[in-house]
Amino acid sequence: MTVSDPVVESVIATISRSATEIRQGLIGRRGTVDEENPSGETQVEADIWADELLGDRLAGIDGVGQYASEERAEVEDCGGDPAMEDVYAVAVDPLDGSSNLKSNNAMGTIFGVYDAALPARGETLVAAGYILYGPITTMVLATEESVTEYELTGGERTVVDRDVRLPDEPVVYGFGGRVPDWPDDFQEYAREIEQELKLRYGGAMIGDVNQVLTYGGIFGYPGLESRPEGKLRLQFEGNPIGYIVERAGGRSSDGNQSLLSVDPDDLHDRTPVHVGNSELVERLEDRVENRIA
Ligand code: FDP
């Protein structure tokens with residue numbers, strides 16, 4: 001199954017072909033390096049390697065005007081203006097949840113294809129997806145047409161679900177950050193959710209969001225007392241995941257509005273992230289104040 005826009009299809013084909021290679025290349029690259037990413041977080045060797053591999057390949061695609069990554073301070077100009085027709089900007093989190101490499105737990109790669117110069121609103125996304133490096137390597141891809149799940153092997157992608165939809169009856173939840181650092185209103189909301197759903201938290205957003213897409217429920221990384229903007233990045237994490245979950249019939253929110261409507265100020269802006277079944281996200285918006293809005 002291919003995507004009708006040839007540039008978007010090339011981006012997706014490049015990322016899905018690279019995924020098996022990235023998975024293999026994690027071996028021997030689990031150690032941390034003496035560097036921090038632009039958000040001040042410790043990088044592992046694999047973060048830098050996967051960013052270089054994807055950056056080189058994606059920048060070489062005709063029609064990719066900009067490449068940006070969680071691991072780079074600035075947007076890379078690849079020789080085209082995303083304001084022009086058939087030119088896009090690609091934002092990537094090369095290894096989401098890379099702190100899970102040490103303990104050998106699931107993690108992923110996230111990407112968003114924006115029809116606008118970065119930083120951009122999520123509403124300008126034309127496609128977004130993630131690779132999950134679990135027991136099997138899978139890709140969930142959302143476009144304007146559909147949300148599809150693939151299995152990836154040796155450069156090939158095989159459809160396993162043509163129409164990924166969030167189940168109506170929610171089952172699981174996962175919330176990031178330390179409980180004592182959660183604002184009171186979010187703590188109250190979480191207490192209520194604990195009575196209704198089953199905890200599934202693995203420490204990599206991709207793994208946790210994939211559980212929500214599979215079983216129904218809610219994933220959240222809220223604004224914290226110590227950091228009201230939360231931890232996750234809007235361009236690389238919040239927008240693509242919001243787009244995927246909304247296309248699959250759910251909702252996304254920064255506590256106040258859809259993640260896709262948030263106006264970015266900076267490429268590395270952080271935002272509270274909540275995605276899942278509509279009723280659960282709406283209830284959260286009723287109860288929790290977004291302190292950065
Ligand atoms: P990581 O730092 O390992 O890259 O975006 C970062 C992220 O992981 C998410 O994948 C994950 O949901 C979150 O941070 C985990 O944060 P905590 O360690 O605070 O739970």
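The values are calculated or read from the model by the stated rules, or taken from the named source; none is laboratory data. Model, not experiment: these values are computed from the prediction. Heads up, the Cβs are rebuilt from the backbone with ideal geometry, glycines too, and the neighbour counts pull from every protein chain shown. The accessibility values were calculated without ligands, DNA or RNA, using every heavy atom of the protein model including side chains. Shrake-Rupley method; radii C 1.70, N 1.55, O 1.52, S 1.80 Å.
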Amide H partners (placed H, <5 Å) of V147, local residues excluded: V164
Residue-averaged [θ]222 nm for the chain, counting only DSSP H segments that reach four residues, each worth -39500 (n - 2.57): -8500 deg cm²/dmol
Gain in span if fully extended, E9 to D77, counting 0.36 nm per residue against the direct Cα distance: 22.5 nm
Protection proxy ranking, peptides 253-265, 111-123, 184-196, average beta carbon neighbours within 10 Å, highest first: 111-123, 253-265, 184-196
Efficiency of FRET from Cβ geometry, S99 and Q24, R₀ 25 Å, rounded to 0.05: 0.80
Carbon + sulfur, % of accessible area of the chain - ligands and nucleic acids excluded, 1.4 Å: 42 percent
Per residue accessible area of the chain, 1.4 Å probe, in Å²: 42 Å²
Two-decimal Rg/Rh across the chain, once Rg and the Kirkwood Rh are taken from alpha-carbon atoms: 0.94
Relative contact order, percent, the stretch 172-287 [alpha-carbon distance under 8 Å, six or more residues apart]: 29 percent
For the chain, built as a Gaussian network whose Cα springs stay under 10 Å, the top-fluctuating residue of V245, V281, V33: V33
